[in-house]
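Data first, discussion second: the structure below is written as C-alpha cells.
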There are 2 protein chains.
Amino acid sequence: MAVGLNKPSRLLPIEGIKIATVAAGIRYPDRDDMVLMTMVDGATTAGVFTQNKFCAAPVTLAKQHLSQSMPRALLINSGNANAGTGIQGMDNAVASCAAVAKKFNCKLSEVLPFSTGVIGEQLSMDKLQAGIASLVENGRQDNWLSAAEAIMTTDTLAKGSSRQLIINGETITITGMVKGSGMINPNMATLLAYVATDACIDSQLLQVMLEKSSAASFNRITVDSDTSTNDALMLIATGKTKLALMSSMDEPASQLFYESLESLLIELATAVIRDAEGATKFVKVTIKNGHSLADCETIAYSMAHSPLVKTALFASDPNWGRLLMAIGKADVRSLDVSKIAVKINDLNLLKNGEPANDYTEAAGQAVFQQDEIEITVDLNQGDANYHVWTSDLSHDYVSINADYRS
Amino acid sequence: MAVGLNKPSRLLPIEGIKIATVAAGIRYPDRDDMVLMTMVDGATTAGVFTQNKFCAAPVTLAKQHLSQSMPRALLINSGNANAGTGIQGMDNAVASCAAVAKKFNCKLSEVLPFSTGVIGEQLSMDKLQAGIASLVENGRQDNWLSAAEAIMTTDTLAKGSSRQLIINGETITITGMVKGSGMINPNMATLLAYVATDACIDSQLLQVMLEKSSAASFNRITVDSDTSTNDALMLIATGKTKLALMSSMDEPASQLFYESLESLLIELATAVIRDAEGATKFVKVTIKNGHSLADCETIAYSMAHSPLVKTALFASDPNWGRLLMAIGKADVRSLDVSKIAVKINDLNLLKNGEPANDYTEAAGQAVFQQDEIEITVDLNQGDANYHVWTSDLSHDYVSINADYRS
C-alpha cells in the first residue's frame, strides 16, 4: 500500500551503537517485537516526546531518566503502548528498565523505555523479562533493519534511511529508523523514531538540532489528526569519529551536519505518510503568502484534516469545491477570499477567488488520479509560508482502525 | 442507515406559509429538487448562516437581502450548492431571486436564495427558471414533508418535526425541517433548516431566540468536522394566531415558546446526526466540571472529530484507550489527568486517572455494541459543562464521499 516507498535494502551501522531484537510474543506471533539499543560510554542523546496529556508511562519515565543521565540503553517494544495503564503501567516500565540496568551494571536512569501498540492494556511482564534476557546477549552494530521491522505495528514496511557526508576529511554517518502509520499528528515527534550518528556533538547542541529538525519534519505530518500518547524521537551521537566536538550551530561543521540531519528527518517523516494507514495518495499542502505563520498552519491543517478533502483525494475525484470549503472553514482572523489562488500540481483551480478560466474537468481528473499531489494555496495577503504532508482517507483506513484491536 | 430515526408521518402546516416543490432536474432524476416557501405579509423572519469564508453566493445574497427587508419568499434548490462559482454564481443567484420577485410583484430583496449540493459547478439557469415558473403556481400550506424531501442530498430520509403548545388559551404550532448528513460541523447553523410558527414575534426577539436555540442545537453537532459553505437556518413567525406580540425574552409567553423552539431545534439537529453519512451509531459526548466552557468544548470536539475514536465506535470495539488519546491531545492550557473520570453509558472506564477496577472487557463490549452511546468525561477541575452529538466513521462514510460527485 505504501505510496512511492520501498523497504530500505540496508541501513548503515553507526560505530558505538549495538542493536538486538527478539520475538517476545507480546502481541504478534512469529515476528520480532522487542529491541534493545545500547550506546557506547560518552555518547550524547537528545529526545523529543509527545505532548498528549495522557502520555504513556514509558514516555513519562523516559523524559525523567533523560533529565537525570545520558542514556546507555533504549528498550523498545511493539504491540502494547503501556498507555492508560495507571500506576501498574508505571511500575512495569520501571521494572523493565531495572532489568536492563541490572544486566548492564548501569544506573536505572541510564535506561529509557519506549512502547507502541494498543492503549489501555497491561504489559505481560513475564514475556518482557524473558525478552530482555535474550536481548542483552545479542547486540550487533549492523542490525538497524531488523530493529526497524521489530518496532512496526500497522506499518506495512520497515522505514529507515542513512546519510554519509564528509566534514574536514572525515566521513560522518547518520542512520535513522521510524515506525508509525496511524494516530499520526505529532506534536513534537512521531510515534517512535531513532536516529544516530558517529559524529561528536555536545548534548545541548544535539537537543537544539533535534528540536529544529523535528519542527521541519515530524511536526509537519498528519495522517488522521490524532496525536499519539507514545510519540518519541531520539537522536544519539556516539562521538566515534575523529572529528572535533560540535558545540554551536554557528560552526561550519554543525551547519553541514544539520543539513544532512534535517534532510534525513524529512525523509523519515514523509516515509510515515507514504506508509500511512490505508494511504493511496501522498499529498503536500502548501500555504503561501499568508498574514502569519499561524494562519498558514491553521489553513494547512484544516485542509489536511478534512475528511471530505481526504475522501475526494481517495476517489481521485477533482471535487475541488471541498478544498475551498476547507480553506474557508479554517479559524483564522481575516481572509480575503477574493485574493486567493489555488493550484493542484501545475493546474490552476482558482485565481483571485474566481474559478480559473483554463480549468477543465479532464485536466482536473488527470491530476487527481496521480499518486503524488501537491496542493498550493496562495493567499496573496502577506509573506508567511507553511506546508504539511498528509495522506488520503480510504476504505482501508477504516478497516485497519475498525479491526486493529479486535 | 439512520440510527433510531424514521421519516415523520406528517408535519403540521403553519398558517401564513405556503410551500411548493418541483422536479427541475438540476442534478437528480425523478425527484423534486426545488422548493418555494412564501410568507404572508407581516411575517417576521430571522436567519443564521455559515461562517465559512468561502460562503456560497446564495448565502451572501440571503444575508444581504435579510438585512434590507423582511422576506416574502425563500427559494431553495438541492443538487448544486452554487458555491465557489465566482461572479457568475452571484449573477445566477440574483437572477433567480429576480424571477421570483417578478412573479410575486415584490422587491428583489424580499426573496432569499438557498442552494445545497455539489460545490464548484454553475447552476443551469434554464432549468432553474423553468422550475420557478412551476413553483409560483402550486403553493400549499400542507406541503412541508414534500419540501423536506426535495431539499435532501446525501440524506437517507426526510427530517422534520412539529410542536404544538398552548399559551394563554391559544394553540401555537411550530414546524421545522432540515437537510444535512455530511460536511456537518455547523458554525451558526447546519446546511439548510427551516422552522416556522404561527406565533407573532418581534423580529429582533426572533433573531435572539434563533441564535440562542441554534447555539444549543445545531452548533453542537458534528459529523466530520467540515463546515459547509452553504449552512443556513431560517426561523419565520407568521403572526397568524391571535396571541399578542412577543417582544422580550422576559415575557412568560416568550419563555414557554422558547422552550418548545429549543426542543424542536435539538430534535432536528440530532436528526441530522442520526442520519449522518454512513452512521451506525448516535453518540453524545459530555464534558463535565472543566475549568472553562472553552476547555470543555475543545475536549468534546477533540473526541468527536477523532477518526480513531470514530472507527472504534463503528467497530463496536471497546478500545477506550483512544478516548484517552483524544482527551489528552486536546489543546487546552492545563489538564490534571489524575482527576479525570470517564464513563461510557453507565460503565466506568477511568476513575481518578486510573483504569476502573470494576471494568471488564465483556461489559465494555456490551456497551460499545449499542446503537446509542453516551461518553461522559468528568474533568473534576471546575464547574463548566459542554456536550456535542456525533456519529461514527464507517466504510459507508468513505463510499458516500468518494462516490458522491463522480
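General remarks:
- Selection within region A:38-56: residues that are part of a loop (DSSP other than H, G, I, E, B) and within 14 Å of another protein chain (Cβ to nearest Cβ). The member of this set that is modelled with the highest pLDDT is A:56.
- 1 or more residues under 25 Å from the mean Cα position of the chain (by Cα) and more than 30 Å from residue A:270 (Cβ to Cβ): qualifying strands (runs of 3 or more DSSP E) within region A:78-197: A:111-118
- Consider region A:345-356 and keep the residues that are at the interface with chain B (Cβ under 8 Å from one of its Cβ atoms) and open to solvent by less than 30 Å² (accessible area, probe 1.4 Å). The one that is modelled with the highest pLDDT is A:350.
- Residue list for region A:285-298, restricted to those being open to solvent by less than 10 Å² (accessible area, probe 1.4 Å) and outside any helix (DSSP H, G or I): A:285, A:287, A:290
- Count - residues of region B:1-48 that are among the charged types (D, E, K, R) and either in contact with a Cys (Cβ under 7 Å, 6 or more places away or on another chain) or without any contact (Cβ under 8 Å) to a residue 60 or more places away in the chain (or both): 2
- Single residue of A:123, A:108, A:112 found to be open to solvent by 10 Å² or more (accessible area, probe 1.4 Å), touching a Cys at 6+ places or on another chain (Cβ under 8 Å) and of a type outside the set (Ser, Thr, Tyr): A:108
- Meets criteria (within 30 Å of the chain's Cα centre (by Cα), part of a loop (DSSP other than H, G, I, E, B), on the phi < 0 side of the Ramachandran plot and at the interface with chain B (Cβ under 7 Å from one of its Cβ atoms)) for residue A:335: no
- Here B:59, B:35 are screened, and the one residue that is open to solvent by less than 20 Å² (accessible area, probe 1.4 Å), outside any strand (DSSP E or B) and within 18 Å of residue B:151 (Cα to Cα) is B:59.
- Looking across region B:299-331 at every residue that is within 9 Å of chain A (Cβ to nearest Cβ) and among the aromatic types (Phe, Trp, Tyr), the one that is least open to solvent (accessible area, probe 1.4 Å) is identified as B:320.
- Neighbours by Cβ (under 6 Å, 6+ apart or cross-chain): first from region A:79-96, within 13 Å of another protein chain (Cβ to nearest Cβ) and closer than 26 Å to residue A:148 by Cβ; second β-branched (Val, Ile, Thr) and part of a loop (DSSP other than H, G, I, E, B): A:80/A:26; A:81/A:119; A:83/A:119; A:83/A:229
For (1) modelled with pLDDT of 90 or more; (2) within 14 Å of chain A (Cβ to nearest Cβ); (3) open to solvent by 30 Å² or more (accessible area, probe 1.4 Å), each residue gets a yes or a no:
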residue: B:147; (1), (2), (3): yes, no, no
residue: B:171; (1), (2), (3): yes, no, yes
residue: B:175; (1), (2), (3): yes, no, no
residue: B:185; (1), (2), (3): no, yes, no
residue: B:203; (1), (2), (3): yes, no, yes
residue: B:210; (1), (2), (3): yes, no, no
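- Odd one out for residue B:6 among (1) within 14 Å of chain A (Cβ to nearest Cβ); (2) surrounded by fewer than 24 Cβ atoms within 10 Å (Cβ to Cβ): (1)
- Taken over region A:269-298, residues that are at the interface with chain B (Cβ under 10 Å from one of its Cβ atoms) and either free of Cβ contacts under 8 Å to residues at least 60 places away in the same chain or more than 30 Å from residue A:162 (Cβ to Cβ) (or both) amount to 0.
- The set of residues from region B:370-406 being within 14 Å of chain A (Cβ to nearest Cβ), touching a helix residue (DSSP H, G or I) at 6+ places or on another chain (Cβ under 9 Å) and either small (Gly, Ala, Ser) or assigned to a strand (DSSP E or B) (or both) comprises B:377, B:390, B:391, B:394, B:399, B:402.
- Test set (1) surrounded by fewer than 18 Cβ atoms within 10 Å (Cβ to Cβ); (2) in contact (Cβ under 8 Å) with a residue 12 or more places away in the chain; (3) not aromatic (Phe, Trp, Tyr) - residue B:67 fails condition number: (2)
- Pairs with Cβ under 6 Å, 6+ apart, first in region A:238-249 and at positive phi, second surrounded by 14 or more Cβ atoms within 10 Å (Cβ to Cβ): A:239/A:200
- Filter result for the condition that a residue is open to solvent by less than 20 Å² (accessible area, probe 1.4 Å), out of contact with any Phe, Trp or Tyr (no Cβ under 9 Å at 6 or more places or on another chain), outside any loop (DSSP other than H, G, I, E, B) and touching a residue at least 12 places away in the same chain (Cβ under 8 Å), over A:342, A:367: A:367
- A search for C-beta distances below 7 Å between a residue of region B:346-364 that is on the phi < 0 side of the Ramachandran plot and any residue that is polar (S, T, N, Q), counting only pairs 6+ apart in sequence or on different chains, returns B:355/A:85; B:356/B:348; B:358/B:348; B:359/B:348.
The values are calculated or read from the model by the stated rules, or taken from the named source; none is laboratory data. Note that the coordinates shown come from a computational prediction; the quantities given were computed from them, not determined experimentally. FYI the Cβ positions are ideal-geometry reconstructions off the backbone, even for glycines, and counts take in every protein chain you see. What goes into the accessible areas is simple: the full protein's heavy atoms, side chains included, and nothing from ligands, DNA or RNA. Shrake-Rupley method; radii C 1.70, N 1.55, O 1.52, S 1.80 Å.
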